[in-house]
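Novice: Got a structure for you, written out below as structure tokens; questions coming shortly.
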Amino acid sequence: MTSTPLVVLENVNKHFGDLHVLRDIDLTVNSGEVVVVIGPSGSGKSTLCRTINRLETIDSGTITLDGQPLPAEGRGLAKLRSDVGMVFQSFNLFAHKTVLQNVTLGPLKVLRQSKSEAEARGMELLDRVRIGNQAHKYPAQLSGGQQQRVAIARALAMNPKVILFDEPTSALDPEMVQEVLDVMTDLASEGMTMVVVTHEMGFARRAANRVVFMADGQIVEENTPDEFFTSPRSERAKDFLSKIL
Ligand code: ADP
Ligand code: MG
């Protein structure tokens, strides 16, 4: 398999005041690859995701998407935000819009699709996340697992090059975790490029091409899931795994 680098971080550093939150981060995500990022709370996982779609700026180093440096502003930034989908722990759906409207808003406003085009594609995506029959409901009428699947459909509607998932199942009741992971597993097997911050080790084992372990703002270890879970190299990773497995 040839690897085409899609997202490349080189020597990335970021501070929040005195806190050195990302330290010399080097990370390449290839096209079609699923990279799972794990690590203790506060290790910089969310910040790492947020730098990739420029919700956060960086202090030094470079980040490129498809070979191009991340644009700082204007149209380039809007394009970046549609190229880099993001799914958050807290869904962030628009409460006063229906499920379908949540999914078509970006395509209508940003991609300038026609209403019929956006709605047809929106329905297709809602079916794909197994929620087509809820299209005309409002988010509050849906379970958390259903809302998160809407958020995934909304991200997909922008035809992103990569989707970043930041603990997408952490806010869900336990019985809803699997339905969201199943949709993510489908996406992974269809070749979507994904960066997934998660504590769901079963998903990491099944779906990840690579596991990146972060601690204190650094990538401490990067390995195949098999290697990582059976023989972690670093003490930090061993310690972390002993607490969660
Ligand atoms: P993780 O997602 O791994 O739990 P985060 O990236 O959210 O870690 O946070 C890394 C560190 O940066 C934490 O110590 C957190 O408190 C701090 N941090 C995150 N966002 C901000 C911010 N906007 N301002 C100041 N500190 C922040
Ligand atoms: Mg986080």
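The values are calculated or read from the model by the stated rules, or taken from the named source; none is laboratory data. This is a predicted model, so every value here is computed, not measured. FYI the Cβ positions are ideal-geometry reconstructions off the backbone, even for glycines, and counts take in every protein chain you see. Please note that ligands, DNA and RNA were not included when accessible areas were found on the heavy atoms of the full protein model with its side chains. Shrake-Rupley method; radii C 1.70, N 1.55, O 1.52, S 1.80 Å.
Novice: Please list, by residue number, every one of the chymotrypsin sites (Phe, Trp or Tyr not before Pro) in the range 72-107 that is coil in DSSP and has at most 16 other beta-carbon atoms within 10 Å.
Specialist: Sites meeting the loop and neighbour criteria: PHE94.
Novice: Still on this structure: Give the lysines whose C-alpha is closer than 26 Å to that of LYS45, dropping any in the same chain fewer than 8 places away, or say none.
Specialist: LYS14, LYS79, LYS161, LYS238, LYS243
Novice: Considering the range 49-96, what Rg and Dmax in Å follow from its alpha-carbon atoms?
Specialist: In Å, with Rg to one decimal and Dmax whole: 12.2, 40.
Novice: Among the GluC sites (Glu not before Pro) in the range 144-226, which ones are in a DSSP loop with at most 12 other Cβ atoms within 10 Å of the Cβ? Mind listing them?
Specialist: GLU190
Novice: Using a basic spin-label model with each label point 7 Å from the Cα along Cα→Cβ, how many nm lie between HIS15 and LYS115?
Specialist: Here the modelled spin labels are 5.2 nm apart.
Novice: Counting only protein heavy atoms, what percent of the accessible surface of the range 93-187 is carbon or sulfur at a 1.4 Å probe?
Specialist: Roughly 50 percent, rounded to a whole number.
Novice: Let me ask another. Per residue, how large is the accessible surface of the range 93-193? Use a 1.4 angstrom probe and give square angstrom.
Specialist: Solvent-accessible surface per residue comes out at 45 Å².
Novice: Further question on the same structure: What is the P(r) of the range 193-235, as percent of Cα-Cα pairs per 5 Å bin from 0?
Specialist: 5, 22, 34, 25, 12, 1
Novice: Among the chymotrypsin sites (Phe, Trp or Tyr not before Pro) within the range 189-245, which fall in a DSSP loop and have no more than 16 other Cβ atoms within 10 Å of their own Cβ?
Specialist: Hits after loop and neighbour filter: nothing returned.
Novice: A further question follows. Within the set of other residues whose C-beta is less than 10 Å from the C-beta of VAL99, count the net charge using Lys and Arg as +1 and Asp and Glu as -1.
Specialist: That sum, taken over residues with Cβ under 10 Å, equals +4.
Novice: Tell me, what are the semi-axes, in whole angstrom and largest first, of the equivalent ellipsoid of the range 1-118 as set by the roots of 5 times the Cα gyration tensor eigenvalues?
Specialist: Output for the range 1-118: semi-axes of 28, 18, 15 Å.
Novice: Which order do LEU105, LEU126 take when ranked by solvent-accessible area (1.4 Å probe, heavy atoms of all protein chains), largest first?
Specialist: I get LEU105, LEU126, largest accessible area first.
Novice: Once you have all Cα-Cα distances for the chain, histogram them in 10 Å bins from zero and send the whole-percent values.
Specialist: Here the calculated profile for the chain is 7, 31, 36, 21, 5, 0.
Novice: In square nanometres, what is one fourth of the surface area of the convex hull spanned by the alpha carbons of the range 125-245?
Specialist: One quarter of the hull surface, i.e. the mean projection, equals 8.3 nm².
Novice: Between GLU56 and SER31, what length in nm is gained on full extension when 0.36 nm per residue of separation is reduced by their alpha carbon distance?
Specialist: Value of the extension gain: 6.7 nm.
Novice: Moving on. So which aspartates and glutamates pass the test for LYS109, namely a Cα distance under 20 Å, with those fewer than 8 places away in the same chain ruled out?
Specialist: Excluding near neighbours in sequence, the set is GLU73, ASP83, GLU117, GLU119, GLU124.
Novice: Moving to a separate point now. For a quick check of understanding: with a 1.4 angstrom probe and all protein chains in place, what accessible area in square angstrom does HIS136 have, to the nearest ten?
Specialist: 140 Å²
Novice: Translational D (Stokes-Einstein, µm²/s) of the range 56-195 at 25 °C and 0.890 mPa s when Rh comes from the Kirkwood sum over C-alpha pairs?
Specialist: 157 µm²/s
Novice: Same structure again: Find out how many positive minus negative residues lie around GLY32, taking Lys and Arg as positive, Asp and Glu as negative, among other residues whose Cβ is under 11 Å from that of GLY32.
Specialist: -1
Novice: Something else about it: Taking 8 Å as the Cα distance limit and 6 or more residues as the minimum spacing, I'd like the relative contact order of the range 92-245 as a percentage.
Specialist: Here the relative contact order equals 17 percent.
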